[in-house]
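Before any comments, here is the structure.
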Amino acid sequence: MYAFTFERPTALAEATRLADAGGKPLAGGQTLLASMKLRLANPEQLVDLGAVPELTGIRRQGNDVVIGAMARHAEVASSDEVRKAIPGLADLAAGIGDRQVRALGTLGGSVANNDPAACYPSAVLGLGATVQTTKRKIAADDFFTGLFTTALEESELITAIAFPIPQKAAYIKFKQPASRFALIGVFVAQTASGVRVAVTGGGSGVFRHKGLEEALTRSFTPAAAGLKVSSEGLSSDLHASAEYRAQLISVMAQRAVAKANG
């Protein structure tokens, strides 16, 4: 690990000033600290966001559940507000990593990092959430731009994410046994304007599956989710071929719909 300075601001304005000056934001540290230990990242200054009160909290706001960027996975999983309004989101959080990861990892950190096999991006995209930052509000469909990349500008910080409350929603993933990341994860959400289906683990980043969305909008049943999924554009590696991932998308979608229907 290279040498660096460490700042722990206690207000959002101070955190924003440090980020604008080139400081590297530190949320839960589940990816950044590991990268630094391997000398794959070399920030000269870390800005720990853990003491910024404006980045915390979970609340109901109209037809949204608004979750602060520094909410830990374990907090989301155990939140009565989330469990009541969007149980599929609470279930997703409860299945991330292991107990230590859930105690330290944060919603904002995961979404900003945009690992191609992370779970949270599928909920953000599947629910059509809005990412709130220190500069603007970004719709989920505009936020995720590619492998480990997002629409965030260099010094822009996520402050909270607003999740619209769906009629029904559920997330099912097939875990990579070593990392517990999603080999394939599927988030389905039935809303007043139709069904959204977001897939993680299948390629260079989370994506919506239009074919499944159209089929499930017509009939929100496991049978409708059983359509054949093309392997075109999906990842193929030592863990699974593109064809295997395509089959998993269909199977996980069917299970997610069955779970959502109760």
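Only the coordinates and a few stated rules stand behind these numbers; no lab work does. Since this is a predicted model, take the numbers as computed values, not measurements. So basically every Cβ, Gly included, is an ideal-geometry build from the backbone, and we count neighbours across all protein chains shown.
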How high is the relative contact order of the range 5-164, in percent, counting Cα pairs under 8 Å that sit 6 or more residues apart?
-> 23
In degrees between 0 and 90, to the nearest 10, how far off the longest principal axis of the chain does helix 242-260 point, with axes built from Cα atoms?
-> 90
Could you let me know the centre-to-centre spacing of the range 104-146 and the range 54-75, using Cα atoms, in angstrom?
-> 13
Show that you can apply the helix-only estimate: for the chain, add -39,500 (n - 2.57) for every DSSP H stretch of four or more residues, divide by all residues, and state [θ] at 222 nm to the nearest 500.
-> -9000 deg cm²/dmol
Note the per residue figure in Å³ for the convex hull of the C-alpha positions in the range 102-148.
-> 81
Along the chain, longest interval not containing exposed chymotrypsin sites (Phe, Trp or Tyr not before Pro), exposed being DSSP loop plus at most 15 other Cβ atoms within 10 Å = 5-147
Report the longest stretch of the chain that contains none of the trypsin sites (Lys or Arg not before Pro) sitting in a DSSP loop with at most 13 other Cβ atoms within 10 Å.
-> 40-134
Computed over the chain, the distribution of all Cα-Cα distances in 10 Å bins, rounded to whole %, is 7, 31, 36, 19, 6, 0
Reach of Lys259 by Cα under 16 Å, taken over aspartates and glutamates that are not fewer than 8 positions away in the same chain | Asp91
